[in-house]
Amino acid sequence: MKAWIQGAMGIAGVVSVLVGCGQAARPYVPKDAPGPAAGTGPSDGGTTEPSAGRSTEPGSVPSDGDGVAPSAVATLTPPKPGVETVSLGDKVRVRIEWPADADPRLRLVADYYLSSRRAVVTGDDRYLDNLESEAVGQAHEWVSEFAKQERSLRGVARLYNLRVQAVVGRAVQVNTCVDESRLRLISTRTGKAVARQPVWTREPYMQAVAARRGDDGVWRIRTFVHGSEGCGR
């Protein structure tokens, strides 16, 4: 997998960088950028890697009907412990294994995972909400690869071992393990699974977001972190 942030940078190093950045920049959302086409995906070789979370503070949040809070809401609702299954269109389901006494900030990584995969499957562009400029570029590049290569997704993904990995001041890194062994890359032309499935469908991997809470109370993702440690089945 191509790493957006190299593991050598270190978990605490990522959030320390965010703390030193002062007031978090407002999220950049390219209004004229073309939205991802519905049902598209990365190369059969699997060099494009998955992403992840949406925003913020503990509190009560209305749902948009499929488990992701509206971007205008600056609070995160504490997840209920246990397994939650979210459907993304008709072809993809995501099982989220919420731990007991889950920190509301776990939603930063889980909600982004849901919104980015929804973008691939349905074309919904809300995955860009509450991202700062660097993260917008990373996320848009990843989703756009599906459209360019006429790929989409089908099957079941699993998020487990969600945890707040590091906190430094207003900055936080939130990790989850991702198992996409039951997810398949499909061709939007034929609707069938591609012959050569990518590497991320074979072994679980670690997905994380590094985010910072602004003066307005909103958590915004600045960058993404990927790795392979600690995510065995």
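The values are calculated or read from the model by the stated rules, or taken from the named source; none is laboratory data. Not measured: the values here are computed from a predicted model. When we count neighbours, we look across all protein chains shown, and the Cβ atoms used for this are built from the backbone with ideal geometry, even at glycine. Quick note on the areas: whole protein, heavy atoms, side chains included, nothing else; ligands and nucleic acids left out. Shrake-Rupley method; radii C 1.70, N 1.55, O 1.52, S 1.80 Å.
Output the qualifying pairs, or none if there are none: Cβ atoms under 6 angstrom, residues six or more apart or on different chains, first residue in the stretch 170-194 and free of Cβ contacts under 8 Å to residues at least 40 places away in the same chain, second residue small (Gly, Ala, Ser) and assigned to a strand (DSSP E or B).
Within 6 Å, the pairs are 182/155; 184/155; 184/193.
Give the residues of the stretch 145-163 that are basic (Lys, Arg) and open to solvent by 50 Å² or more (accessible area, probe 1.4 Å), sorted by residue number.
148, 154, 158, 163
Here's the yes/no breakdown for (1) surrounded by 17 or more Cβ atoms within 10 Å (Cβ to Cβ); (2) closer than 26 Å to residue 76 by Cα; (3) among the basic types (Lys, Arg); (4) in contact with a strand residue (DSSP E or B) (Cβ under 6 Å, 6 or more places away or on another chain):
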| residue | (1), (2), (3), (4) |
| --- | --- |
| 179 | yes, yes, no, yes |
| 182 | no, no, yes, yes |
| 202 | no, no, yes, no |
| 223 | yes, yes, no, yes |
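Provide a single number: the residues in the stretch 88-109 that are within 14 Å of the chain's Cα centre (by Cα) and of a type in the set (Gly, Ala, Ser).
0
Return the residue satisfying two criteria in turn: it lies in the stretch 95-135 and is aliphatic (A, V, I, L, M), in contact (Cβ under 8 Å) with a residue 40 or more places away in the chain and not in a helix (DSSP H, G or I), and of such residues it is surrounded by the fewest Cβ atoms within 10 Å (Cβ to Cβ).
The extreme case among them is 102.
Quick one: count up the residues across the stretch 164-177 that are open to solvent by 10 Å² or more (accessible area, probe 1.4 Å) and more than 13 Å from residue 109 (Cα to Cα).
5
Residue under question is residue 124, and the condition is that it be at pLDDT below 95 and touching a Lys or Arg at 6+ places or on another chain (Cβ under 6 Å); does it hold?
So residue 124 fits the description; yes.
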